[in-house]
1. What full-extension length gain, to one decimal in nm, is calculated for residue 192 and residue 85 as 0.36 nm per residue of separation minus the Cα-Cα distance?
2. Students often get this wrong: which residues of the stretch 246-273 have the backbone nitrogen under 19 Å from the point 7 angstrom along Cα-to-C-beta of residue 294?
3. Can you find, among 54, 26, 117, the residue farthest towards the positive end of the dipole of the stretch 2-123? Put +1 on the C-beta of Lys and Arg, -1 on that of Asp and Glu.
4. Would you mind estimating how fast the stretch 263-321 diffuses translationally, via Stokes-Einstein at 25 °C and 0.890 mPa s with the Kirkwood radius over Cα pairs, in µm²/s?
5. Once every Cα of the stretch 2-123 carries one equal point scatterer and solvent is ignored, give the base-10 log of I(q)/I(0) from the Debye formula at q = 0.11, 0.12, 0.23 Å⁻¹, two decimals.
6. Could you list 217, 234 in order of exposure, starting from the residue whose Cβ has the fewest other Cβ atoms within 10 Å?
7. For the stretch 264-318, build the charge dipole from Cβ charges (+1 Lys, Arg; -1 Asp, Glu) around the Cα centre, then report which of 286, 296, 308 sits farthest towards its positive end.
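Computed from the coordinates by the stated procedures, all read-outs in this text should not be read as laboratory data. All values reported here derive from a predicted model rather than from experimental measurement. Note that we place each Cβ from the backbone using ideal geometry, even for glycine, and neighbour counts take in every protein chain shown.
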Amino acid sequence: MSSIMFRQVKLETTDPVKKQLTGIAVSILAILILNAVFAAGGWLADLYFHRWYHFISTVLRKLLGKIPFSIGDVIYSVWIIISVVFLLRMLYSLVRGRWSELLLLSLKGVKSVLVLYFIFLLFWGGHYRRHTYVKEMGFGVEKYTTADLYLLADTLVQLTNRDKLALPAQPDSLPGITFKTAAGCYADAARTWPSLTYTPPSLKPALFGEYLNYIGVTGYLNPFTNEAQVNTTVPAFLQPFTTCHEIAHQLGFAPEEDANFVGYITASRSPDPRFRYAANFEMLSYTIRQLARRNGYLARLVWSRTLPAIREDTRAVILFYREYEGPMDDYSAVLYDQYLKANRQEQGIRSYSEVVGWLMAYYKL
């Protein structure tokens, strides 16, 4: 009788562990196979990039696009609550010395992370593994000199000054208007570059925009729901470019420099001066910073040619984020930098400014 009970207890404790280990092994195998497909290229990779992703992203945008709030933010909130409860359970098991329970919980946690990572790759993250979309659009980056940077910065100053003067006294700043105009920008750009076709739209104000300011986030794409979230609490003149940047992510432009470039060529061609100003203001900031690293005098010289109102906007952005400065901003910057590097963006956060090379090709300076 006692031996039967012992075998029953042993089965009850080992079978759940085996089940979790099997799930972990299957998840790892699935991730490896998916990455092998991305690395090998060929028709299977094309099937993912040109067929599967187009299908799943379109379906998600159709299902969620008309819902006025971010389903992805709700899902993230639920995940955070579940994660906190899960960690508390693990802590309780540790304190009580329930080692088999702690082992099982740990394995469940590992399996859950692997499954989520697989879904991330399947639904969107695979785009980090392909060669850049921008090259498919006919642009190429070549080495550029300090003189090239200076010419680009000077061009952007002229464009930014022009668009600032064209802004109405009270420009529209409602998210709905911004989102509709951004979709129109892509419709116009798609006539030249069909890969920029964007239908149906799925653009949402971020539910937790105020908290995002502590980590310096102006917008993001939810890779699980394909919703583009825009932080509508930041200065209004930044939001048009952010919206176009996030739409680029939705279309599969995963690297930040690619999304910046696509966001720029769509917003800067808009008939709406708000969009042109936001795009040129953003790119001028990146270009001036790049130039300042090489030649501080030239950077100051170009910057002195901007309108006083543009310098006031720059100060407004600095003062806005100063209210949210703290250790959270530093920690999040480090984490995001590592996330980008893990996804083959060797420059990490600095990859945002790599868009300058694409701008050189665009303007052929």
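1. Numbers: separation 107, 0.36 × 107 = 38.52 nm, distance 5.06 nm.
Between residue 192 and residue 85, full extension yields an extra 33.5 nm.
2. Taking a point 7 Å out along Cα→Cβ of residue 294, the residues of the stretch 246-273 whose backbone N falls under 19 Å are 257, 261.
3. It is 26.
4. Working: Rh = 12.4 Å.
Stokes-Einstein gives a translational diffusion coefficient of 198 µm²/s.
5. Rounded to two decimals, the profile gives -0.61, -0.69, -1.26.
6. On the way: 217 18, 234 21.
Ordered from fewest to most neighbouring Cβ atoms within 10 Å, 217, 234 come out as 217, 234.
7. Of the candidates, 296 comes out farthest on the positive side.
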